[in-house]
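Here the structure comes first, spelled out in structure tokens, and everything after it is commentary.
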Amino acid sequence: MAGLYIHVPFREAPRPYDDAYTTCDPAPGASAYATALAQEISQYSDSLLADAKLRTLYVGGGRPSLCPPAALRPLVEALARTVDPSGLEEVTVELHPADASPAYLATLRRWGVPRLSVEGLSVAGTDPSGAGAAHSPNDLARTLQRIRGAGFDDVSVDLLFGDEGQSRTAWKASLHRAVMLDIPHLTLHEMTTGAPDKRADQLAFALSFLPAKGYEPYELTHFARPGHRSGHQEHVYAHGSVLGLGPGAESFWWPPRAAPSTARRWANVADLSTYVERLQNGVSPVARTETLETSALAREYVLLRLRTQEGLNLNTLADRYDLALQARKPDTLGRLREQGLIHDDPDCVRLTDRGRLLTDAITRRLVRGI
């Protein structure tokens, strides 16, 4: 099983919370970009995509909805030739509120897109001062009405926290409004402009408030009502293979899990013009690649699984990644249990609510020296 990620780099203005490659330069345009994507898909159609069963498709950015649907026809046609839609468990497209016109939403429905991820930033009061949002909370509420009117029931909204200009009261109000709007999935994005203690306090409130309102914290910053988890995110945090297409997109590929030496990671060139030019000339857009050793895979798996509600399965870590963590880190695990940071479970390392606020620090303690 594998996931497919398509990166759309276009933006009207930079966003300080967005660390992916983006560009505000309109050239090359959406048509040239879509044609290049179609060419990149064809480069994998007889190799990776010929043998892999795709589970999820995620179109992100950037701002994918800046691309006119007509300009994306080469991409849509290439996907139809390469991907069996009946095998996809989830298709998600990121949407900016300003682009959610009835015509655009109808096109997405016609293409068979069932799930949208909406750039919300805040749903109450003023947006975080450093985010540079081009829409207001009321715009988002109206957008959600149009989305539901178009027949979309599976919707995620991004919310920002941790900005120095965002008060605790404003953050609480934003989460309360999100619940009132009956948003089925929330993704929290942390800005690093505010004080660490303040960011921890805001996350702690979310971790207590949202579960009380029926949201599962299935990953540290992903909260879902029952039946609305992101399949793409679950696949990523299960250390699943993901093929990334587009400028700056990254891929992780490890289908035969019994052979760690086959695991690879690579990244495309993070420049739209160079990406398009290379594919026009029949050249791969890959800028760097690496083969991952077993120890590196084990560290990645620990990092990913500690962020999840299910936690890190120690038997899987030992069998698949050749890392017997209980034998390697008995004192560290013991102290974490005594400090109330992980649950008392001999087969799994699962963070408590208090531990989740220290996820990065705990991860560093467990992978140090591995």
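Centre-to-centre separation between the Cα atoms of the range 170-210 and those of the range 21-37: 33 Å.
For the options Pro247, Pro255, Pro28, a Gaussian network treatment of the chain with springs between C-alpha atoms closer than 10 Å singles out Pro28 as fluctuating the most.
Taking the chain as a Gaussian network of alpha-carbon nodes connected by springs under 10 Å, the highest mean-square fluctuation of the residues Ser101, Ser31, Ser86 belongs to Ser86. The figure for Val155 is an accessible area of roughly 10 square angstrom, using a 1.4 Å probe on the protein chains alone. For the chain, DSSP calls about 35 percent of its internal beta bridges antiparallel. In this structure the amide hydrogen of Gln309, modeled in the peptide plane, comes within under 5 Å of the amide hydrogens of Glu219, none closer than 5 places in sequence on its chain.
What are the GluC sites (Glu not before Pro) within the range 194-261 that DSSP puts in a loop, where the Cβ has at most 15 other Cβ atoms within 10 Å?
Values: sites: Glu219, Glu234, Glu250; in loops: none.
Answer in residue order: no site qualifies.
Here the label points at Arg365 and Asp344, each 7 Å from Cα along the C-beta direction, are separated by 1.8 nm in the simple model.
Using a cutoff of 8 angstrom between alpha carbon atoms and counting only pairs six or more residues apart, the relative contact order for the range 292-368 works out to 32 percent. For the set Ile342, Ile370, solvent exposure ranked by accessible area (probe 1.4 Å, protein chains only) runs largest to smallest as Ile370, Ile342.
Couplings 3J(HN,Hα) of the range 280-294, computed from phi: 4, 9, x, 9, 5, x, 5, 9, 8, 8, 8, 9, 9, 6, 4 Hz, in residue order, whole Hz [Karplus 6.51 cos²θ - 1.76 cosθ + 1.60, θ = phi - 60°; x for Gly and Pro]. Extension gain for the segment Glu277 to Ala70, taken as residue separation times 0.36 nm less the Cα-Cα distance, is 72.4 nm to one decimal.
Heavy atoms only, probe 1.4 angstrom, no DNA, RNA or ligands counted: give me Asp158, Asp19 ranked by accessible area, highest first. Don't skip to the end; give the middle numbers.
Details: Asp158 30, Asp19 155 Å².
Highest to lowest solvent-accessible surface, that is Asp19, Asp158.
The Stokes-Einstein estimate for the range 315-370, based on a Kirkwood radius over Cα pairs and taken at 4 °C with 1.567 mPa s viscosity, is a diffusion coefficient of 112 µm²/s. Electrostatic tally near Arg148: other residues with Cβ closer than 14 Å to its Cβ, Lys and Arg +1, Asp and Glu -1, net +1.
Count charges around Lys198 for me, please; just the other residues with Cβ under 15 Å from its Cβ, Lys/Arg as +1, Asp/Glu as -1. All intermediate terms of the calculation are to be shown ahead of the outcome.
On the way: positive: Arg168, Lys172, Arg199; negative: Asp163, Glu164, Glu190, Asp197, Asp201.
Combined, the nearby Lys, Arg, Asp and Glu give -2.
Kirkwood analysis of the Cα pair distances in the range 171-223 returns a hydrodynamic radius of 11.5 Å.
At 222 nm, what value in deg cm²/dmol follows for the chain if DSSP H runs of at least 4 each add -39500 (n - 2.57) and the sum is divided by all its residues, to the nearest 500?
Numbers: 15 runs with 145 residues, N = 370.
Taken over the chain, the calculation gives -11500 deg cm²/dmol.
Per residue, the Cα convex hull of the chain amounts to 136 Å³. Please find, in a Gaussian network model of the chain (springs between Cα atoms separated by less than 10 Å), the residue of Leu116, Leu181, Leu306 whose mean-square fluctuation is greatest. Result for the chain, Cα springs under 10 Å: Leu181 fluctuates most. The residues packed around Arg265, meaning those with a beta-carbon under 11 Å from its beta-carbon, carry a net charge of -1 if Lys and Arg are +1 and Asp and Glu are -1. The slack between Asp19 and Ala141, meaning 0.36 nm per residue of separation minus the straight C-alpha distance, is 41.3 nm. P(r) for the range 171-276, from all Cα pairs and a bin width of 5 Å, is 2, 10, 16, 14, 13, 14, 14, 11, 5, 1 %, short bins first. With the simple model of a label 7 Å out from the Cα in the direction of the Cβ, Ala80 to Asp201 spans 5.5 nm. Backbone N atoms of the range 4-33 closer than 15 Å to the 7 Å Cα→Cβ label point of Ala287 belong to residues 7-10, 19-24.
Surface composition of the range 219-370: carbon plus sulfur atoms contribute 46% of the solvent-accessible area (1.4 Å probe, protein chains only, all chains present). For the chain, the per residue solvent-accessible surface stands at 43 Å², with DNA, RNA and ligands left out and a 1.4 Å probe. At full extension, Thr107 and Asp51 could sit 17.2 nm farther apart than now, given 0.36 nm per residue minus the alpha carbon distance. The apolar share of the surface of the range 1-127, taken as the fraction of accessible area on carbon and sulfur atoms (1.4 Å probe, ligands and nucleic acids excluded), comes to 54 percent.
The values are calculated or read from the model by the stated rules, or taken from the named source; none is laboratory data. Owing to the predicted nature of the structure, the values given are computational and were not obtained by experimental measurement. Note that we place each Cβ from the backbone using ideal geometry, even for glycine, and neighbour counts take in every protein chain shown. Side chains included, ligands, DNA and RNA excluded: accessible areas come from the protein's heavy atoms. Shrake-Rupley method; radii C 1.70, N 1.55, O 1.52, S 1.80 Å.
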